[in-house]
Amino acid sequence: MMGHTPPMGWNSWNTFGVNINEQIVKEVADAMVAAGLADAGYQYVVIDDGWSLRERDENKRLVPDPEKFPSGMKALSDYVHSRGLKFGIYSCAGVKTCAGYPGSFEHEFIDAETFAEWGVDFLKYDYCYKPRDMDGRLLYRRMAMALKNCGREILFSACNWGIDDSHLWMRSAGAHMWRSTYDILDSWESIKKLAMQQLGKECYSGPYSYNDVDMLVVGMYNKGNVALGGCTDEEYKTHFSLWCMMNSPLMIGCDVRKMKKVTRSILTNKELIAVNQDLEGRQAYTITGWHSKEVIHYIKPLVGGDYAICSVNFGDARGWSHLEFWDLGLPTAAGYGFELHDLWTGENLGVKTESYMTALEPHCCKVFRAKLKKVN
């Protein structure tokens, strides 16, 4: 079955908006393989809004824009598959997409059949231009039913921006992942805002269905379609760490054909990806810091008894990360401590008992894999 762990891949929207075409998609697929992204687990290449003509054909089918996609979607899908990757596409639950192209409302089944014929593996399904009298739950149930009966396994990515309390019902509606926040922009303020919107939603995420905190902006540096000042590399590291801890799908948004080395190193951090892809599928719970309310600790139980611990300084001044282990459930008198391994530096810090404290620069984080150890 697909979707056991959070999906990983690339989406065209953050960099290209509606200005996407066949050649770019092929080059992205090639770059994902050449840069080691595919080997790191990124498998979906997803075309977002703007790929179709403005009208359906005489059979009510969606038609790829021949100027952007002269070979058609089936040929492009075949190319992506030939690179060992999976192919994704975009539609919308309303009468039009967010950019004004034909939506799938009242065409759910014919569109699902069309996507299956093209070899689509992933559908991002937006929420613009929905009829006023239609309930969002029903609209997503419609497409979920159509996809389940189209003759091909297609991962269903629901995108209604977290409104209508979607975390309460998207899983049962049939989505494998659903947006639990508004759109991301390339700025620290946006990353922080989305992280705050995610608090309290951890109990609704799990294997085969995940809260989606939107696409990654790692490596965008204030370029592309969602620019809003950009981030530092340290802020991008914190961004990636948070998304891994929150079990968000990891959908790259930068232009992978032109990645800097530091961007590639962030996106391919094997130990953090392993945290995100842990088979238990648990989203981290949070503990507020003792010395600063701007410091939040994310605690993620892992297969085999280990824990991932991520301490984030959301503030604009230097702060202290002070984590008491009894807040994780470890009694002081139990005779155990945590052996800490830093997932960014690779440093082993040895066994810490009762608590751990360290300084955190603004917008920075520390991420550890913690293993319970018996102490004298």
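Read-outs throughout are calculated quantities, based only on the coordinates presented, and are distinct from any laboratory measurement. The shown structure was predicted, so the numbers you read here are calculated from the model rather than taken from an experiment. Heads up, the Cβs are rebuilt from the backbone with ideal geometry, glycines too, and the neighbour counts pull from every protein chain shown.
Panel order for Ser205, Ser157, by other beta carbons found within 10 Å of each beta carbon, from fewest to most: Ser205, Ser157. Coupling constants for the range 355-367 follow from the phi torsions by the Karplus curve (6.51 cos²θ - 1.76 cosθ + 1.60, θ = phi - 60°), and in residue order they are 7, 9, 10, 7, 7, 10, 6, x, 6, 9, 9, 10, 10 Hz; glycine and proline get x.
For the range 155-302, a crude dipole built from +1 on the beta carbon of Lys and Arg and -1 on the beta carbon of Asp and Glu, taken about the Cα centre, is about 380 debye to the nearest 20. Taking 26 Å as the limit for the C-alpha separation, the pairs Lys261/Lys373; Lys60/Lys130; Lys300/Lys374; Lys270/Lys300 exceed it in the case of Lys261/Lys373. Rounded to 0.05, the FRET efficiency of the Met1 and Ala317 pair, given R0 = 56 Å and the Cβ-Cβ distance, is 0.75. Computing FRET efficiency as 1/(1 + (r/R0)^6) for Asp39 and Glu271, where r is the C-beta to C-beta distance and R0 is 22 Å, gives about 0.90. Note: relative contact order over the chain, using C-alpha pairs below 8 Å and six or more positions apart, is 14 percent. Assuming charge only on the beta carbon of Lys and Arg (+1) and of Asp and Glu (-1), the dipole of the chain about its Cα centre is about 380 debye to the nearest 20. Place +1 on the Cβ of every Lys and Arg and -1 on the Cβ of every Asp and Glu in the chain, take the dipole about the Cα centre, and give the residue among Val213, Gly346, Met143 whose Cα lies farthest towards its positive end. The residue sitting farthest along the positive end of the dipole is Gly346. Per-residue 3J(HN,Hα) values for the range 335-347, derived from phi via the Karplus relation 6.51 cos²θ - 1.76 cosθ + 1.60 with θ = phi - 60°, read x, 10, x, 10, 7, 9, 10, 6, 7, 9, 9, x, 6 Hz in sequence order (x marks Gly and Pro). Ellipticity at 222 nm from helices only: DSSP H runs of n ≥ 4 in the chain, each -39500 (n - 2.57), divided by the residue count, give -7000 deg cm²/dmol. Under 5 Å between amide hydrogens, built in the peptide plane, is the criterion, and for Ser52 it picks out Asp65 among residues at least 5 positions away or on other chains. Once the chain from Leu279 to Asp30 is taken as fully extended at 0.36 nm per residue, the excess over their C-alpha distance is 86.8 nm.
Placing +1 on the Cβ of each Lys and Arg and -1 on the Cβ of each Asp and Glu in the range 46-116, which of Gly84, Leu62, Pro102 has its Cα farthest towards the positive end of the resulting dipole? Comparing the listed Cα positions along the dipole, Gly84 ranks first. Database note for the chain: Cys without another Cys beta carbon under 4.7 angstrom, Cys92, Cys150, Cys159, Cys203, Cys231, Cys244, Cys254, Cys310, Cys364, Cys365. For Asp342 and Gln197, what does the FRET efficiency come to when R0 = 30 Å and r is the distance between their Cβ atoms, rounded to the nearest 0.05? Once the sixth-power term is evaluated, E becomes 0.60. Of the beta bridges in the chain, as assigned by DSSP with both residues counted there, near 60 percent are antiparallel. Could you name the aspartates and glutamates in cross-link range of Lys26, using Cα to Cα under 14 Å and dropping any fewer than eight places away on the same chain? Counting by Cα, and skipping residues close in sequence, Lys26 has these aspartates and glutamates nearby: Asp78, Asp255. The GluC sites (Glu not before Pro) of the range 1-84 that meet both conditions, a loop assignment by DSSP and at most 13 other Cβ atoms within 10 Å of the site Cβ, are Glu55, Glu58, Glu67. Distance between the modelled labels on Asn222 and Glu67, one decimal in nanometres: 3.2 nm (7 Å Cα→Cβ projection).
Along the chain, the exposed loop sites are trypsin sites (Lys or Arg not before Pro) outside DSSP states H, G, I, E and B with at most 13 other Cβ atoms within 10 Å, and the longest stretch free of them is 133-259. Loop-located GluC sites (Glu not before Pro) across the range 98-181 with a Cβ neighbour count of 16 or fewer within 10 Å are Glu106, Glu153, with loop assigned by DSSP. Once both labels are positioned 7 Å from their Cα atoms along Cα-to-Cβ, the gap between Arg56 and Lys261 label points is 5.2 nm. In order along the range 220-225, the phi-based Karplus estimate (6.51 cos²θ - 1.76 cosθ + 1.60, θ = phi - 60°) of 3J(HN,Hα) comes to 8, 6, 6, 10, x, 8 Hz; Gly and Pro are listed as x. Annotation for the range 325-355 versus the range 236-309: alpha-carbon center distance of 19 Å. Summarising the label geometry, the points placed 7 Å from Cα in the beta-carbon direction at Val351 and Leu138 lie 6.1 nm from one another.
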